[in-house]
Ligand SMILES: [Zn+2]
Ligand SMILES: [Zn+2]
């Protein structure tokens, strides 16, 4: 709790300092770059690779995720995945670490402070077999401090702005990343549509996708968690799926798992039949019959 408060206080200090002394272009670019690299390590690495095994990654990519994932200070990949698999298995139940039924603030950040610290490691036996994942679990804090704070300060020292690098690419970046990640557990379980399943509180929210590198299409994700995409249509803002697709072109990722279009179509049809969407009923036709769900994009 102290760490979380300090990060947010120093993030405010970073903004105030930038307003007073100015913001060098290279420092701003470094902070934005660090936000994207650390963010992708959580969305593409911790989430879609380690927690869900939605594709396979070569060692250099796995190491990148473990390094920059540690810099995101959301626990080690092993613990994060254990919690997340529990979330999917027990969504909206007492065992769910971020149980959305307990209110917005509980699912946003409250659970971080109050739930028991030890996750259930029985559901991550596959990850415990990975030497690098085990090593990162042991060295998570020093690696996080090094990659999350020391490295951006060192890089920014190259143009004489080490403090700016530390504050902006370190603390402000981390505070924004926290709020983005937290919003998946809160916002994406409260705001948005439920085109694929109404069995959980998970929702598709373009707004949440915008601030989380594509993780906001949470209704689709809860219905099809093994799919490497969260935004299944080509126009869905899901930079993480674009990143993974690019990594596959470079030979660093393979076996990207896609849900068969028929399964997506069936899911949409069952939701619409149970509770027809009034927007489509007004037109006298169902979106499914229009083929809207029948042609998900390649990405
Ligand atoms: Zn969820
Ligand atoms: Zn998930």
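The values are calculated or read from the model by the stated rules, or taken from the named source; none is laboratory data. Treat the numbers as computed from the prediction; the structure is a model and nothing was measured. In this analysis, Cβ positions are derived from the backbone assuming ideal geometry, glycine residues included, and neighbour counts consider all displayed protein chains.
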Discussion item. So if I check each of 92, 9, 83, which one is part of a helix (DSSP H, G or I), within 16 Å of ligand 2 (Cβ to nearest atom) and in the same structural domain as residue 136 (by TED's automatic domain parsing)?
Written reply: 83
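Kindly provide the set of residues from region 218-262 that are on the phi > 0 side of the Ramachandran plot and out of contact with any strand residue (DSSP E or B) (no Cβ under 8 Å at 6 or more places or on another chain), ordered by number.
The one that is on the phi > 0 side of the Ramachandran plot and out of contact with any strand residue (DSSP E or B) (no Cβ under 8 Å at 6 or more places or on another chain): 251.
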Worksheet item: How many residues does region 95-112 hold that are over 9 Å from residue 189 (Cβ atoms), touching a residue at least 24 places away in the same chain (Cβ under 8 Å) and within 16 Å of ligand 2 (Cβ to nearest atom)?
Response: 1
Worksheet entry | Whichever residue in region 201-215 is within 11 Å of ligand 1 (Cβ to nearest atom) and surrounded by 20 or more Cβ atoms within 10 Å (Cβ to Cβ) and, among such residues, is modelled with the highest pLDDT | 215
Discussion item. Among the residues that make up region 165-180, is at least one of them assigned to a helix (DSSP H, G or I), within 16 Å of ligand 1 (Cβ to nearest atom) and in the same structural domain as residue 53 (by TED's automatic domain parsing)?
Written reply: yes
Worksheet item: Within the bounds of region 54-66, is there any residue that is within 15 Å of ligand 1 (Cβ to nearest atom), in the same structural domain as residue 175 (by TED's automatic domain parsing) and assigned to a helix (DSSP H, G or I)?
Response: no
Worksheet, complete the sentence: Per the filter on region 67-80, residues assigned to a helix (DSSP H, G or I) and away from ligand 2 (no atom under 14 Å from the Cβ) are 67, 68, 69, 70, 78, 79
Discussion item. Taking the conditions exactly as written (in a loop (DSSP other than H, G, I, E, B), in the same structural domain as residue 149 (by TED's automatic domain parsing) and more than 16 Å from ligand 2 (Cβ to nearest atom)), does residue 23 satisfy them or not?
Written reply: yes
Worksheet item: Going by the structure shown, is residue 35 under 19 Å from residue 216 (Cα atoms) and more than 16 Å from ligand 2 (Cβ to nearest atom)?
Response: yes
Response to the item:
By my count, helices (runs of 4 or more DSSP H) wholly in region 238-299 with at least 2 residues that are modelled with pLDDT of 70 or more and touching a helix residue (DSSP H, G or I) at 6+ places or on another chain (Cβ under 6 Å) are 239-249
Worksheet item: Has region 69-78 got at least one residue that is surrounded by fewer than 20 Cβ atoms within 10 Å (Cβ to Cβ), assigned by TED's automatic domain parsing to the domain that holds residue 133 and either within 12 Å of ligand 1 (Cβ to nearest atom) or at negative phi (or both)?
Response: no
Worksheet item: Is it the case that residue 126 is within 14 Å of residue 82 (Cα to Cα) and free of Cβ contacts under 8 Å to residues at least 40 places away in the same chain?
Response: no
Worksheet item: Being in contact with a strand residue (DSSP E or B) (Cβ under 7 Å, 6 or more places away or on another chain) and part of a helix (DSSP H, G or I), is that true of even one residue in region 193-200?
Response: no
Worksheet item: Is it the case that some residue within region 219-231 is in a loop (DSSP other than H, G, I, E, B), within 13 Å of ligand 1 (Cβ to nearest atom) and crowded, with 24+ Cβ neighbours inside 10 Å?
Response: yes
